[in-house]
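Undergrad: Can you read through this structure? Questions will come right after.
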Amino acid sequence: RLPETLSTAAPDSSSDRRQSFIQSFSPFLSIGISRTGSSMFEEASEVLENMLKWSFPLSLVLFLVLVCPLRAEAAHEFSVYRMQQYDLQGQTYGSRNAILNTEARSVEAEVLSRRCVMMRLADFSFEKYQKALRQSAGAVVIILPQNMSTMPQDIVQQFMELEPELLATETIVPVYFALEDEELLSIYTQTQISSSSQGSSSAAEVLLHTATANGFQMVTSGAQSKAVSDWAITSLEGRLTGAGEDLPTIVLVAHYDSFGVAPWLSYGADSNGSGVAVLLELARLFSRLYSYKRTHAGYNLLFFLSGGGKFNYQGTKRWLEDNLDHTDSSLLQDNVAFVLCLDTLGNSDNLHLHVSKPPKEGSPQHTLLKELETVAAHQHPELKFSMVHKKINLADDTLAWEHERFGIRRLPAFTLSRLESHRSPERHSIMDMRSVSGEATAGPHVDLTKLTRNTKVIAETLARVIYNLTEKVMWHFSFFADINVYINLMTVLNV
């Protein structure tokens, strides 16, 4: 989803600053704003009923003050990103609304009804978020730091764990995320001071404060969001044909999309940018090997980058249907040795092979398992490898891992990941981003050194299976170390 452009406007009275932001559904659209006292009157009406003891002249004076229009003297624009909104398997998720026109409050204010509640990530909690929803807030804006490395690890971890709950809590309240800047932080600070000062005030003081205090009006423009009724999933497929006929096929898979509470803030560096990077490198390596007659192996290699992975692997489901149900000729219909799905491999000293059914001894799947153990143990002893067995639960709303899509169609498959559980919050978080070299990162991130190591382990394992080198003594032989010498020689000799 494209970021929305927001503007703030201030009146020309230094004592009566009124600012606002506008959201539109076109990216980077600038909108001018003028401010009137109508929203102040709306707020004041909530306390007028408590003022019957006041004299009529005072009430009239206050009324006149409240409806005086104010002229804008300045504007500030910034982008916000709306919470996910989607339906899946009959379930609704996320924020169902996009439009708001209301004044800003911090969560400390006693009255949040029809107000835009602003919260910083450092102060965010699910209880505060629920408070805003219970009081029928007009909107919620969560302010994120520009540099996540400045956030403590416990705050980042807490927010990652809350992201699925935020999406699962369907609400009609518009929910936005914004990246902080100096002006936005100034607005938030003033709003927080204003909200705190009203907590212990009388009704008369609140009304007087409404007419004299600094305020910020949040306004959206544009149409309400609409569901996309007909959408396409794009997936990419490539293949290397083996030397010979009726050959077994190895399928290598990675889903390429990212996911988080706000789509345009979801980078998916590790989940699953790392899986895509490994698959592309494997395609490059084996494409080079298959281009030489001496290293043209007796396996077909099928590479598949799937879309819709974060939405119950819908792209994989469609691809399997096309190849198994709607065609008479497909590599998936013949002799599939195994399907290896690559998911979240950019960090950690752990590798887990997730299986729905433990492979039988003597099968190609069992051979891959044993070679992974061997390569990890002898070439990278710091790397801890294990197999994780979990049966497919068709009663769940979503599948745990991508290999389960293949398992349902009775294709031998497994997923290789650094994560031990599919429920890890790191797989579905806006905190999943690539770290800058030399910079500490609080949340999940890609460590290029460990990503490179994991890629080498996978490539070496596959090569030993494909070229039937499983009997080679590991500590005397590294396939890619030896084969690169051979390929370089062939290139020099132009063979």
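Undergrad: Can you give the alpha-carbon Rg of the stretch 227-365 over 2.2 N^0.38 Å, where N counts its residues?
TA: Relative to the rule-of-thumb radius for its length, the stretch 227-365 sits at 1.15.
Undergrad: Which one, 236, 269, 297, projects farthest toward the positive side of the charge dipole computed for the stretch 228-297 from Cβ point charges (K/R +1, D/E -1)?
TA: It is 297, whose Cα lies furthest towards the positive end.
Undergrad: For the stretch 316-430, what is Rg from Cα atoms divided by 2.2 N^0.38 Å, rounded to two decimals?
TA: The stretch 316-430 yields a ratio of 1.14.
Undergrad: Probe of 1.4 angstrom, ligands and nucleic acids ignored: what's the accessible area per residue over the stretch 209-367, in square angstrom?
TA: Per-residue accessible area for the stretch 209-367 comes out at 43 Å².
Undergrad: Mind ordering 405-416, 253-264 by average Cβ neighbours within 10 Å, highest first?
TA: Per-residue Cβ counts within 10 Å, averaged per peptide and sorted highest first, yield 253-264, 405-416.
The values are calculated or read from the model by the stated rules, or taken from the named source; none is laboratory data. All of these numbers come straight from a predicted model, not from anything done at the bench. Because the Cβ atoms are built from the backbone with ideal geometry, glycine has one as well, and the counts that use them run over all protein chains shown. When the accessible area is computed, the model is the full protein with side chains, heavy atoms only, and any ligands, DNA or RNA have been set aside. Shrake-Rupley method; radii C 1.70, N 1.55, O 1.52, S 1.80 Å.
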